[in-house]
1. Over the chain, what is the relative contact order in whole percent, taking alpha-carbon pairs under 8 Å and six or more residues apart?
2. For the pair T18 and E104, how long in nm is the line joining their label points, each one 7 Å along Cα→Cβ?
3. Which one, E57, E87, E47, has the greatest fluctuation when you compute a Gaussian network model over the chain with C-alpha springs under 10 angstrom?
4. Would you list, by chain and number, the aspartates and glutamates whose Cα falls below 12 Å from the Cα of K20, excluding same-chain residues fewer than 8 positions away?
5. Pull out a ≥ b ≥ c, the square roots of the eigenvalues of the alpha-carbon gyration tensor of the chain, then state rounded if a/c is under 1.5, prolate if not and a/b is larger than b/c, and oblate in the remaining case.
6. When Rg is the radius of gyration of the Cα atoms in the stretch 9-67 and Rh is its Kirkwood radius, what does Rg/Rh come to?
7. Given the rule -39500 (n - 2.57) for each run of at least 4 DSSP H residues, summed and divided by the residues of the chain, what is its mean residue ellipticity at 222 nm, to the nearest 500 deg cm²/dmol?
8. Using a 10 angstrom cutoff on alpha carbons, build the Gaussian network for the chain and name the most mobile of R94, R34, R21.
Amino acid sequence: LNSTKIRKFYNFAKKIKTMKRLGQEVDLKRDLNRFIAILLYDAGREEDKKKKPIMEEFAEGMRQIAEKVKIHSKLEYAYDVFVDFFEALVAYHRYYQAVKKENEREGSER
């Protein structure tokens, strides 16, 4: 997965958390349904045959997490944890990409 796609999904989730924090009215279940729809739509539209299975696996994993959040008895708390998890995922992805790039650079210098 490329950073742009992951950030697109993360930004959607973060925007909702920010709106909630600012006191704006949000419907977390509805917004999670939209999040899932966007994920699955993008996974279905992926044209790169190598990336498509990765995108589909990512979308399905995030869908499962979002579904668990929707049924949690403390929905707002669960959503905040979901966004925090997503933020950690984005940070790890960025780190992983940097390490991968560094390894490729070292390999080409030999």
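Every read-out reported here was derived from the displayed coordinates using simple, explicitly stated rules and does not represent laboratory data. Quick caveat, the model's predicted, so the values are computed rather than measured. Reconstructed Cβ throughout: ideal geometry from the backbone, glycine too, with neighbour counts over all protein chains shown.
1. 32
2. Calculated label separation equals 3.0 nm.
3. Result for the chain, Cα springs under 10 Å: E47 fluctuates most.
4. Within reach: D31, E76, D80.
5. Details: a/c = 2.66, a/b = 1.78, b/c = 1.49.
Note, shape of the chain comes out prolate.
6. On the way: Rg = 13.0 Å, Rh = 12.2 Å.
With Rh from the inverse mean 1/r over Cα pairs, Rg/Rh is 1.06.
7. Details: 4 runs with 92 residues, N = 110.
Roughly -29500 deg cm²/dmol at 222 nm, from the helical runs in the chain.
8. R21
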